[in-house]
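Right, one structure below, let's go through it.
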Amino acid sequence: MPASTKRKPRGKRGAKKTRDTSTARAEARGSSWDPRIVVFACNWCSYAGADTAGVSRIQHQPHFRMIRVMCSGRIQPGFVLRAFEKGADGVLVSGCHFGDCHYVFGNERAVEQFEKTKNVVRLLGLEEGRLRLEWISAAEGVRFAEVINEFTDQVRQLGPSPLADKRVISSQSSVISKERAAEVVH
Ligand code: FES
């Protein structure tokens with residue numbers, strides 16, 4: 001067999017990756033690390049609140065990506081879990097205050113969904129502090145900035161999500177079967 005086609009023994013390669021990953025995660029806990037946060041925001045209140053913060057030039061931490069949905073009631077546990085699976089360190093769900101939802105009961109539905117999501121997140125071994133639900137109106141630009149700053153600091157304290165490491169995800173998947181997740185969600 002030519003030298004170029006020889007394959008390295010699996011054990012050694014795996015060991016190097018493990019060392020590299022743990023070093024990277026340890027370094028990530030240092031001061032230079034910035035969390036990756038996903039914000040699900042309803043179109044009519046929270047997304048508009050973020051807009052108000054922007055047009056009012058209110059300073060806040062920038063380490064988040066916002067996903068606009070029509071109503072917070074649309075945010076199912078699967079959305080949040082997908083965000084964590086894709087490497088989010090924290091997820092914020094936000095919508096209109098009670099009584100202001102444009103679909104009347106949408107945010108009440110959001111509370112129910114959020115409780116189910118918390119159960120699944122707990123099963124995955126993630127800290128509850130990585131998940132948050134907030135009501136932010138279109139006029140509350142200052143509040144939007146405060147929530148983002150507070151939540152970013154909170155997630156920063158927790159450090160990088162263990163689920164961001166793909167190998168951990170696959171081992172967790174075998175611990176929590178689809179059937180068990182379905183039991184918790186339904
Ligand atoms: S429209 Fe904002 S929570 Fe329903």
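Each value in this text was obtained by applying a stated rule to the coordinates, not by laboratory testing. If you're wondering where the values come from, they're calculated on a predicted model, not measured in any experiment. Because the Cβ atoms are built from the backbone with ideal geometry, glycine has one as well, and the counts that use them run over all protein chains shown.
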>> Can you list residues from other chains, or at least 5 along the same chain, whose modelled amide H is less than 5 Å from the amide H of E134?
In response: V93, S94, G95
> Amide H to amide H under 5 Å from V69: which residues, 5+ apart in sequence or cross-chain, H placed 1.01 Å off N in plane?
Replying inline: A41, C42, N43
> What would the Debye formula give as log10 I(q)/I(0) at q = 0.09, 0.15, 0.16 Å⁻¹ for the alpha-carbon point model of the range 34-185, no solvent?
Replying inline: -0.27, -0.74, -0.84
> If the chain between N119 and Q76 were fully stretched, how many nm would it gain, using 0.36 nm times the residue separation less the Cα-Cα distance?
Replying inline: 14.2 nm
> Which is farthest toward the positive dipole end of the range 34-185 among V120, C101, I136, measuring Cα position about the Cα centre, with Cβ charges +1 (Lys, Arg) and -1 (Asp, Glu)?
Replying inline: V120
> What full-extension length gain, to one decimal in nm, is calculated for H97 and S56 as 0.36 nm per residue of separation minus the Cα-Cα distance?
Replying inline: 12.6 nm
